[in-house]
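**Q** Have a look at this one before I ask anything.
The values are calculated or read from the model by the stated rules, or taken from the named source; none is laboratory data. Given the structure is predicted, the values throughout are model-derived calculations rather than measurements. Quick reminder, even Gly has a Cβ in these numbers, built from the backbone with ideal geometry, and neighbours come from all protein chains shown.
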Amino acid sequence: MKNLFQRIASGLTYLGILAVALFCGQIAFAIIFSLFIIIAMREYLQITIGSAFKFGQVVSILMGVVLFLGLFLYEGGHPINNFLVLSLPLLLAILFTLTIYVKDTEEYKKYTFLLSSLFYIALPISFFTFAIFDKNHMFSGKIVLILFILQIASDVGAYFFGTLFGQKNGHKLCPKISPHKSWEGFIGGILVTIAAALIISSAGMLEISMIKNIVLALIICIFGLFGDLTESRLKRSFNIKDSGKIMPGHGGLLDRLDSSILSFPIAISYLIIIGIL
């Protein structure tokens, strides 16, 4: 029971922070999502390389924040500071130069995780900026809010359908990586997400055809599942249960964002292609 209350409290806090980011203006969005990048990258690097390359970790995380802020300013129609323009290639040069001082071959192999943290976390979250500004560079959290609603609908649908139909006599989806996931849960998640997308469209929040709504829902569900399984595979490879402890009852921030960091960039690209963004 205590764990349930922790999960609810953590979940509500997370939703509250998202609401502030999406509805309290672009400065709030930039600050909160910069912190998301810092925390999620830190969790990923703790999983993969622990306390090794401490300075390299700082440089890598700074690169992630600079990448995000650069795209944020560009999409918002703001002038980009010359220091910001210079800092990204400079930090990249520093990151590669540090490899000169790595003496052990096995340690050298771990160094690649500093770069993969950028591609896995910083770049996808930076992609959110393409959805947070409209074609006139006006800030609006509506599209990102819709994507989070669809992601939550997918998670809730998968949980309830999986619990009801997938636990005892269900068909396991990927037992070696995530033994609790079932095809029944996955299909249930798709059905609930499609229903949520159609409700959102009928309410006038996203005026696109039924077919395009279904495609958007499928993108969120399918690539959200891939994101979930990707992080599960990562944690299983390093023999850990959660990416962190920042969200009691849930684990780390990366555990919350794992589906979104794969599905949202593709969903945003789709919305750009069909002319919504």
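**Q** Outside any helix (DSSP H, G or I), hydrophobic (A, V, I, L, M, F, W, C) and surrounded by fewer than 20 Cβ atoms within 10 Å (Cβ to Cβ) - does that describe any residue in the range 13-29?
**A** yes
**Q** Can you report the number of residues in the range 14-34 which are of a type outside the set (A, V, I, L, M, F, W, C), touching a residue at least 12 places away in the same chain (Cβ under 8 Å) and at negative phi?
**A** So the count comes out to 3.
**Q** Do we find a residue being farther than 22 Å from residue 123 by Cα and charged (D, E, K, R) anywhere in the range 204-226?
**A** The answer is yes, given that some residue of the range 204-226 is farther than 22 Å from residue 123 by Cα and charged (D, E, K, R).
**Q** Does the range 70-85 contain at least one residue that is surrounded by 12 or more Cβ atoms within 10 Å (Cβ to Cβ), out of contact with any Pro (no Cβ under 6 Å at 6 or more places or on another chain) and more than 26 Å from residue 140 (Cβ to Cβ)?
**A** Yes; the residues of the range 70-85 include at least one that is surrounded by 12 or more Cβ atoms within 10 Å (Cβ to Cβ), out of contact with any Pro (no Cβ under 6 Å at 6 or more places or on another chain) and more than 26 Å from residue 140 (Cβ to Cβ).
**Q** I've got another one for you. Just give me the residues in the range 41-58 being surrounded by 20 or more Cβ atoms within 10 Å (Cβ to Cβ) and either over 21 Å from residue 231 (Cα atoms) or under 18 Å from the mean Cα position of the chain (by Cα) (or both), in sequence order.
**A** Within the range 41-58, 41, 42, 43, 44, 45, 47, 53, 56 qualify.
**Q** Let me ask something else about it. Within the range 162-179, is even one residue in a helix (DSSP H, G or I), surrounded by fewer than 15 Cβ atoms within 10 Å (Cβ to Cβ) and either at pLDDT below 90 or of a type in the set (Lys, Arg) (or both)?
**A** So far as the range 162-179 goes, yes, one or more of its residues are in a helix (DSSP H, G or I), surrounded by fewer than 15 Cβ atoms within 10 Å (Cβ to Cβ) and either at pLDDT below 90 or of a type in the set (Lys, Arg) (or both).
**Q** Is it the case that residue 243 is part of a loop (DSSP other than H, G, I, E, B), crowded, with 22+ Cβ neighbours inside 10 Å and either in the same structural domain as residue 146 (by TED's automatic domain parsing) or of a type in the set (S, T, N, Q) (or both)?
**A** Taking the combined requirement at face value, the residue satisfies it.
Residue by residue, here is whether (1) more than 16 Å from residue 145 (Cα to Cα); (2) small (Gly, Ala, Ser); (3) over 23 Å from the mean Cα position of the chain (by Cα); (4) not in a helix (DSSP H, G or I) holds:
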position: 187; (1), (2), (3), (4): yes, no, no, no
position: 197; (1), (2), (3), (4): no, yes, no, no
position: 201; (1), (2), (3), (4): no, yes, yes, no
position: 205; (1), (2), (3), (4): no, no, no, yes
position: 216; (1), (2), (3), (4): no, no, no, no
position: 233; (1), (2), (3), (4): yes, no, no, no
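**Q** Just one of 139, 130, 160, 186 is in contact with a Cys (Cβ under 9 Å, 6 or more places away or on another chain) and farther than 19 Å from residue 254 by Cβ; which is it?
**A** After applying the criteria, what remains is 186.
**Q** Mind checking which residues of the range 1-12 are exposed (fewer than 14 other Cβ atoms within 10 Å of the Cβ) and either assigned by TED's automatic domain parsing to the domain that holds residue 256 or polar (S, T, N, Q) (or both)?
**A** Answer for the range 1-12, where residues must be exposed (fewer than 14 other Cβ atoms within 10 Å of the Cβ) and either assigned by TED's automatic domain parsing to the domain that holds residue 256 or polar (S, T, N, Q) (or both): just 3.
**Q** Would you be able to tell me the number of residues in the range 113-129 that are touching a helix residue (DSSP H, G or I) at 6+ places or on another chain (Cβ under 9 Å) and loosely packed, with under 13 Cβ neighbours inside 10 Å?
**A** Of the residues in that region, 0 qualify.
**Q** Another question, then. Is there any pair with a first residue in the range 35-50 that is touching a residue at least 40 places away in the same chain (Cβ under 8 Å) and a second that is aromatic (Phe, Trp, Tyr) and not in a helix (DSSP H, G or I) whose Cβ atoms are under 9 Å apart and which are 6 or more apart or on different chains, and what are they?
**A** Listed pairs, sorted by first residue: 45/53; 47/238; 48/238; 49/111.
**Q** Could you tell me whether any residue of the range 130-138 is in contact with a helix residue (DSSP H, G or I) (Cβ under 8 Å, 6 or more places away or on another chain), in the same structural domain as residue 64 (by TED's automatic domain parsing), part of a helix (DSSP H, G or I) and closer than 21 Å to residue 61 by Cβ?
**A** No; the residues of the range 130-138 include none that is in contact with a helix residue (DSSP H, G or I) (Cβ under 8 Å, 6 or more places away or on another chain), in the same structural domain as residue 64 (by TED's automatic domain parsing), part of a helix (DSSP H, G or I) and closer than 21 Å to residue 61 by Cβ.
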